[in-house]
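All of the numbers you see were taken from the coordinates with simple rules; none came from a lab. Fair warning: this is a prediction, and the values are worked out from it, not measured in the lab. For neighbour counting, all protein chains shown are included, and Cβ atoms are generated from backbone atoms with ideal geometry for every residue, glycine included.
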Amino acid sequence: MKIKSDILRQYQSVHIWTGIISGIVLFIGFYAGSLTMFKPAINAWAAPPSDTLSSINTAQFDSLIKQASMQYEEVKKGFNIFLNQKEHSPMTWYEKGSARELSLNDQLWHASLDEKNQLIAHKTNPSALAELIDQLHQTAGIAGKIGHEYLGVYILGIAAILYFLALISGVIFLLPSLAKTFFALRKNKSSSRFWLDAHNLVGITSLPFHLVISLSVVVFAFHDPLYGSLKLAVYQEQPLFPAQKHTKITYDISQLQPVSSLINQAQNFAPSHQVIDMTFMNLNNPRAMLRLGMYDKGGLMRGPITDYIYMNPYNLKITNSSLDPSDEGIWTRAVATFFALHFGSFGGDMGRWVYFLLGLGGAFLFYSGNLLWLEKRRKKFKKDNLLPTQTRACHLMASATIGICFGSVAAVSITMLAGKWLYPWVENINSIYLPVYYLIFLSLVAYAFIQGAAKSAIAIFKICAIATLAIPLTSIIAVLMPSLGLWSANSISTLGVDLVALAFGLCFIYGVIKMKKRALYGPIDSIWSLSSHIKKEVSFSCTEKIQ
Amino acid sequence: MENSTRTSRIQPDWWSKSIAGIFLGLLLSVGLVGIFAWSGPGGIAAPVKVQFNMWLISPIWLLILSFTYMFKTGLRAFICLSSANIVIYLILFAVRA
């Protein structure tokens, strides 16, 4: 395909600048976002198995709810039910906090029935680990709030606009050479060629995913101003959201419909879906509501994990749903698609794994993009044989890329690890996550700027490798030494967390080996070279050889 | 101006083009979505359609922004996008009436 050269030059500049500005925060967003594909597994991994009570039959729930509501006042307001989910107790309710807002001091009651159908219940601090990783995904760890929204969300929203520009411009200036170089991975030409080919290959093959993610992040960050502009320019006196009608009747928890009929009602409404959780809200006031999480193994769901049906739990009236099958529901279903495409909540577990890999591919895209930027600005040997000094901008960008991107990766691994090892020693484990994360992250960023990219890259990758490999190792130690108060994987999903950590750890070791090689034996006129103290002498002999 | 070398190639004009793309592009995409909201299927009052409409803005807006850099100059971007806005908003008002 032929495109005028000045257009190509324009879009090359757009690509480079948008990419370099947004790449680092997006790296964190993508890496953490990949991990959020398995939030329930991470939370189950982070909490001792004794927290979770064993599941019960669907028929036993009415008795459980009755007994719990008689003994605990909080239950009369609302509670959650989980149907046959190993990661959750059958019934939970919040004494402090709620599932909707992130708080580190939540107190959650778990309840189940024993063999004699008697209530058993205990109170825990539910792990906020997965929620914090999600927060990292949404804000890149940038603290502070503007109004009711996190500053980091807006920053990622702006980064997503730049990222969309980078995608379009990247495709435009790649088009002329695409047919020739698409599947080429030229390993032997030069390492920068290899990075460029890999960058292009990942970018082009996962383009639809990236377009969807960038557009949805813009919506997630800026939906309020976008609704505002619609109101101003389009709807005006028309209401955007018609007010919901509420009944005035206040019921009491004892009038609750049996769980089996609630499930039946939802199942009739959505035969292809399965009820997996039920959240009862406002049971003691006229706004009583039941939200059912509807899971469809092969389908496409609006929520991060499920579709939703909203129902009045006293009269079985369905008030709202994300899977409205009627003709009028076309808009609901269309919007559900946009959400599902961001959350990866389609295609079951397979879909999650694909999204996990695509997310990691995204992180790779931003990292390799920064490497290419650095490579392009590299000052090479000239005729005078003197070792050129690399620009300050290159040094700073290399340090930032290593320190911020992999500082965050290392900090996540160490935070997960600390969550397990410190569990027996602190009252509320949630209180340590943030201090540990920011302590490690900020120290590694500082280290990268002080020591320079070449040295810190190897050290930070080593830390990533050790911390990440220690995650599965902890499980092994837990089995061998039960007295330590650790716990090991006890289900397929928690074992999955350990295995993924093992795989990541091995990748980091490979990275350390490659980086050492690059630092010691790679070109010495490079920002990644570590032979700086011997550079002067070497440069002389080296250039002699070249000549 | 036609025969001067300045206009024969695309000028970078980063700031002016970006500003035109961001603000006039947003205005234009809201206008286009507005036409769809009023005269598209379901009309303005279809339940939940407002969410769909809100989602539609960002792809249109960002595509306009992406292609703003094809304009020869920033000034031209301003003129073209402004004219497009006038046309689209005239249609929107006609559709609403």
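Any idea what the dipole of segment A:4-128 comes to, in debye rounded to 20, about its Cα centre with Lys/Arg Cβ at +1 and Asp/Glu Cβ at -1?
So the magnitude is around 380 debye.
If you count, for every residue in A:216-223, the Cβ atoms of partner chains within 10 Å of its Cβ, what is the mean?
For peptide A:216-223, the averaged partner shielding equals 3.
Rounding to the nearest 10 and keeping the result within 0 to 90°, find how far the Cα-based axis of helix A:430-451 lies from the longest principal axis of chain A.
Tilt of helix A:430-451: around 10 degrees.
Order these by the 10 Å Cβ neighbour count, fewest first: A:TYR11, A:TYR163.
Listing A:TYR11, A:TYR163 from fewest to most nearby Cβ atoms yields A:TYR11, A:TYR163.
If R₀ is 35 angstrom, what is the calculated FRET efficiency for the pair A:LYS516 and A:LEU201, using the beta carbon separation as r and rounding to 0.05?
0.85
Roughly speaking, what % of Cα-Cα pairs in segment B:6-76 are separated by over 14 Å, rounded to a whole number?
Here the tail beyond 14 Å accounts for 61 percent of pairs.
Could you sort A:484-494, A:333-343 so that the peptide with the highest average Cβ count within 10 Å comes first and the rest follow in order?
Working: A:484-494: 17.3, A:333-343: 19.3.
Descending packing order for the listed peptides: A:333-343, A:484-494.
Out of A:PRO48, A:TRP17, B:LEU90, whose Cα points farthest toward the positive end of the dipole of the protein assembly as shown (charges: +1 Lys, Arg; -1 Asp, Glu; placed on Cβ)?
Of A:PRO48, A:TRP17, B:LEU90, it is A:TRP17.
Which of the helices in chain B meet the span-like rule: DSSP H, Cα axial reach of 30 Å or more, Kyte-Doolittle mean at least 0.5?
Those that pass (Cα extent of 30 Å or more, hydropathy at least 0.5) are B:74-96.
Of the listed peptides A:138-147, A:27-36, what is their order by residue-averaged count of other C-beta atoms within 10 Å, with the highest listed first? If you can, show how the numbers build up before the last one.
Values: A:138-147: 15.7, A:27-36: 24.8.
The peptides rank, most packed first, as A:27-36, A:138-147.
Roughly what angle does helix A:5-36 make with the longest principal axis of chain A, taking Cα atoms, 0 to 90 degrees, to the nearest 10?
Once rounded, the angle reads 50 degrees.
If I take the Cα coordinates of the protein assembly as shown and project them onto the principal axes, what are the three extents in Å, biggest first?
In descending order, the Cα extents are 89, 77, 40 Å.
Put +1 on the Cβ of each Lys and Arg and -1 on the Cβ of each Asp and Glu in chain A; which of A:GLY511, A:LEU473, A:VAL212 then has its Cα farthest toward the positive end of the dipole?
Highest projection toward the positive end goes to A:GLY511.
What distance in nm separates the two pseudo spin-label positions at A:LEU473 and A:LEU104, each 7 Å out from Cα along the beta-carbon direction?
Placing both labels 7 Å beyond Cα along the Cβ direction yields 2.7 nm.
Can you give the mean number of other chain Cβ atoms that lie within 10 Å of the Cβ atoms in peptide B:23-35?
That average works out to 2.
Give the aspartates and glutamates reachable from A:LYS86 as a straight Cα distance under 14 Å; neighbours fewer than 8 places away on the same chain don't count.
By straight Cα distance, A:LYS86 reaches A:ASP51, A:ASP277.
Kindly rank B:52-59, A:237-244 from highest to lowest mean number of other beta carbons found within 10 Å of each residue.
Going from most to least packed, we get B:52-59, A:237-244.
Per residue of chain A, what 222 nm ellipticity follows from adding -39500 (n - 2.57) for every DSSP H run with n ≥ 4, rounded to the nearest 500?
-19000 deg cm²/dmol
Label-point separation (nm) for B:ARG9 and A:ASP62, each offset 7 Å from Cα along Cα-to-Cβ?
Here the answer is 8.1 nm between the modelled labels.
Could you work out the mean count of beta carbons from other protein chains within 10 Å of each residue's beta carbon in B:13-21?
Details: counts 1, 4, 0, 0, 2, 2, 0, 0, 1.
Mean inter-chain Cβ contacts per residue within 10 Å come to 1.
Filter A:LYS248/A:LYS317; A:LYS96/A:LYS116; A:LYS66/A:LYS317; B:LYS17/B:LYS72; A:LYS66/A:LYS116 down to the pairs with a C-alpha to C-alpha distance above 18 Å, please.
Flagged as over cut-off: A:LYS96/A:LYS116; A:LYS66/A:LYS317.
Taking 30 Å as the cut-off for C-alpha to C-alpha distance, list the pairs among A:LYS39/A:LYS516; A:LYS420/A:LYS462; A:LYS76/A:LYS145; A:LYS180/A:LYS455; A:LYS145/A:LYS231 that go past it.
A:LYS39/A:LYS516; A:LYS76/A:LYS145; A:LYS180/A:LYS455
Where does helix A:207-230 land angle-wise versus the long Cα axis of chain A, in degrees 0 to 90, nearest 10?
Here the helix axis deviates by roughly 60 degrees.
Run the simple label-point estimate for A:ILE492 and A:SER192 please: 7 Å along Cα→C-beta, distance reported in nm.
Distance between label points: 4.8 nm.
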